[in-house]
Amino acid sequence: MDSLDMSPLRIADCGLRIVGFRTRDPEPGTRPVRRSLGEGGNPNPESRIPSPGPRRADGFTLVEVVVGIFLLTIGLLSLAASMSTAAKRQTFSQSITNMTTLANATLEQIKLDSFTSIVSSTQNFGQIPGFPRYKEQVIVTPNSDDSAVTIQVLVTDQSGFQVSLQTVVAQ
């Protein structure tokens with residue numbers, strides 16, 4: 001007995017119609033789309049069996065890609081803005097720490113001096129060694145019987161922020 005040649009061209013020549021096979025499992029709730037092959041093995045567009053469920057295509061649409069890029073851009077811009085704010089706040093915090101350290105060092109130095117040498121003073125921007133961006137003012141206020149003085153140290157940075165420390169020194 002002769003073996004049959006089952007190539008698509010041979011079957012199409014015989015006038016037989018072949019139903020296409022599914023290549024992947026359909027989504028739950030949908031039926032596979034089948035197309036019958038007409039003459040020459042080409043699909044017949046009128047023989048499409050409609051699927052009752054939603055059809056899912058692989059990949060992303062252009063609209064989905066554009067929306068995704070837009071959302072990613074908004075997120076990255078928000079991140080950049082928050083990093084800028086954090087850097088500014090860190091600089092402010094460092095300035096407050098420097099001013100407090102400077103004022104505390106000045107008070108400690110005044111406490112070491114003799115009581116009679118305590119006087120008010122002012123050092124402008126650039127006059128304080130190691131702290132060119134700060135201005136320091138020492139205000140000495142004696143009490144009513146001159147047995148003690150109140151010392152206030154004001155340190156101001158170039159942007160106008162100020163730290164004030166105060167102590168009392170007795171004779």
If you go through the stretch 132-171, how many residues are more than 14 Å from residue 106 (Cβ to Cβ) and crowded, with 17+ Cβ neighbours inside 10 Å?
-> 2
Residue under evaluation residue 90, criteria (1) touching a residue at least 24 places away in the same chain (Cβ under 8 Å); (2) under 21 Å from residue 157 (Cα atoms), criterion not met = (1)
Consider residue 164 carefully, then state whether it is among the small types (Gly, Ala, Ser) and either touching a residue at least 40 places away in the same chain (Cβ under 8 Å) or part of a helix (DSSP H, G or I) (or both).
-> yes
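Coordinate-derived values only; no laboratory data. Please read these numbers as outputs of a predicted model, since none were measured by experiment. Quick reminder, even Gly has a Cβ in these numbers, built from the backbone with ideal geometry, and neighbours come from all protein chains shown.
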